[in-house]
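Everything on this sheet refers to the single structure shown next.
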Amino acid sequence: MKTFPRREFMKLSALGATALATSTRTSMGEPAAKAPASERVQVGCIGVGGRAAFLMQTFASLKEADVVAICDIDSRRLPAAVKAVTERQGKEPVTETDFRKLVENPKLDALVVGTPDHWHAIPTILGCMAGKDVYVEKPDGHNIEEGRRMIAAARKHNRIVQLGTQSRTSDYFHSAMNYIRTGKLGRCLVAKAWESDKQSSIGKPADGEPPQGVDYDIWLGPAPKRPFNPVRFHGNWRWFFDYGTGDLGNDGVHRLDIARWALSTAAEARGESPLGLPASICSSGGKWYFDDAQEWPDTLQVNYEYAGSPGKLLTYEMRIWCPHDYYGLKEGVVIYGDEGYMVIGNSRWHAHDAKHNLVAEGSGDNSGVSHIQNFIDCVKSRKRPNADLETVGHISSVLCHGGNVSWRAGRKLFLDPKTEEFVSKPGGSPDKEANRLRTRPEYRKPWVLPKV
């Protein structure tokens, strides 16, 4: 059995040891050692719960970053967040419940946006306009138009914007791509991504009143005004059209990003053009399993066809009610070549030849710590980050948004890769019905999408 390449594993071992040491140190309450004040990036965190809590605590633990301010519309979360940050950096952050205070804060160099999907775009755009760099969670917005507006703001104001697809910085995933670059898989035309995991029903609770300490109006933001409901709030907002992008935009964006990266790497290894946006998108599926309040499908298959010679096919399968693995993984990617194939999971990849013999494998960390460090490094160097919004993050996000638009339209769609608009056929007239789903019907004032 061949291991490829040994150098990658040395890097992975060092990364894992560093992450473990940091976790152990900060969990004991010992503040991280910091660089001189002049070398530290001053960070403000928008959102402190869920994934945002990990981001906030990791930034506070970095040698070259200080979390100066934190913000959440749920003030009940702030005391614990202050305590966690203080333990990691030895200094308390200021707290706010309105993100605009962080945008306006002249002391901040960067914003971290760890909010629900419907609150990714506006803080990112306003942050760029205020001269701040931004780390924003995936997908890049609630819809295609929001992502394009975010790119325009970053480009116009020369800002660094990193999307939270942390695989792009993981040494483990880079080792997988390095193997693909050898060309040993042969000619690769198909890659597949999947999610197959049994989740739970969210039920159908009655509407009620927002909890004390929650600014529900700001939480709704650009979404339509409606009564508070506990499953349309913390944790479960992603299952609703108004706020989230379903599991396709939740976990699917990671898997699709890796699959596109792998298929593009294989193409480039043969001297072909890298993969950008597909020429067509076709989704099928529905909400077939759960009898609950969620709106996005629980069963979905999406096919993405790429134009060119040769063409390429990227597929995505999602079954959030199904406990069965695929290639031994609940979520993962497989890329097929005529001389072999590779299966890529979250912490292990393995490559096989045409006779299914194992020929190479790798394992490692994908915690996201190195991805956050990459952002800080790029804030200082002004180089594009590994998941640069314009060249990497937005493209994979459009796969998710486009898949959702196809599902809601109920048919195959054709995409103009240059304009990111849907057309009746390749080179045809605009598809007005599908293009209406590229953005919201209306942004609730005053939370309109900023003009750049």
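Worth a mention:
- Scope region 44-60; condition without any contact (Cβ under 8 Å) to a residue 60 or more places away in the chain and either at positive phi or over 17 Å from the mean Cα position of the chain (by Cα) (or both); matching residues: 57, 60
- Evaluation of residue 210 against the conditions (1) touching a strand residue (DSSP E or B) at 6+ places or on another chain (Cβ under 6 Å); (2) touching a residue at least 24 places away in the same chain (Cβ under 8 Å) shows that the sole unmet condition is (2).
- Considered as a group, the residues in region 102-150 that are among the basic types (Lys, Arg) and in a loop (DSSP other than H, G, I, E, B) include one that is surrounded by the fewest Cβ atoms within 10 Å (Cβ to Cβ), and that residue is 107.
- Put simply, of 289, 326 the only residue that is of a type in the set (Ser, Thr, Tyr), in contact with a strand residue (DSSP E or B) (Cβ under 8 Å, 6 or more places away or on another chain), surrounded by 16 or more Cβ atoms within 10 Å (Cβ to Cβ) and closer than 27 Å to residue 275 by Cα is 326.
- The numbered conditions (1) closer than 22 Å to residue 315 by Cα; (2) modelled with pLDDT of 95 or more; (3) outside the structural domain of residue 54 (by TED's automatic domain parsing) are all true for residue 237 except (1).
- From 48, 43, 67, 82, residue being out of contact with any His (no Cβ under 8 Å at 6 or more places or on another chain), modelled with pLDDT of 95 or more, within 20 Å of residue 110 (Cβ to Cβ) and in a loop (DSSP other than H, G, I, E, B): 48
- Test: residue in region 216-232 that is without any contact (Cβ under 8 Å) to a residue 24 or more places away in the chain, under 25 Å from residue 368 (Cβ atoms), assigned to a helix (DSSP H, G or I) and over 18 Å from the mean Cα position of the chain (by Cα): no
- For region 198-222, residues that are over 22 Å from residue 290 (Cβ atoms) and either of a type in the set (Val, Ile, Thr) or surrounded by 12 or more Cβ atoms within 10 Å (Cβ to Cβ) (or both) total 12.
- Scanning region 373-423 for residues that are in contact with a Ser or Thr (Cβ under 8 Å, 6 or more places away or on another chain) and charged (D, E, K, R), we see that the one that is nearest to residue 318 (Cα to Cα) is 412.
- Residues of region 187-197 classified as within 29 Å of residue 290 (Cβ to Cβ) and either outside any loop (DSSP other than H, G, I, E, B) or not assigned by TED's automatic domain parsing to the domain that holds residue 269 (or both), total: 6
- Any hit, region 388-405, residues being at pLDDT 95 or above, in a loop (DSSP other than H, G, I, E, B) and touching a helix residue (DSSP H, G or I) at 6+ places or on another chain (Cβ under 8 Å): no
- Selected residue (criterion: farthest from residue 151 (Cα to Cα)) from residues of region 436-452 that are of a type in the set (A, V, I, L, M) and in a loop (DSSP other than H, G, I, E, B): 448
- Residue 41 passes every criterion in (1) touching a residue at least 40 places away in the same chain (Cβ under 8 Å); (2) crowded, with 23+ Cβ neighbours inside 10 Å; (3) touching a strand residue (DSSP E or B) at 6+ places or on another chain (Cβ under 7 Å); (4) not polar (S, T, N, Q) apart from (2).
- Residue 53 being of a type in the set (A, V, I, L, M, F, W, C), in a helix (DSSP H, G or I) and surrounded by fewer than 22 Cβ atoms within 10 Å (Cβ to Cβ): yes
- Some residue of region 417-426 being in contact (Cβ under 8 Å) with a residue 60 or more places away in the chain, in a loop (DSSP other than H, G, I, E, B) and crowded, with 24+ Cβ neighbours inside 10 Å: no
The values are calculated or read from the model by the stated rules, or taken from the named source; none is laboratory data. All values derive from a computational prediction rather than experimental measurement. No Cβ is skipped: glycine too gets one built from the backbone with ideal geometry, and neighbour counts run over all protein chains shown.
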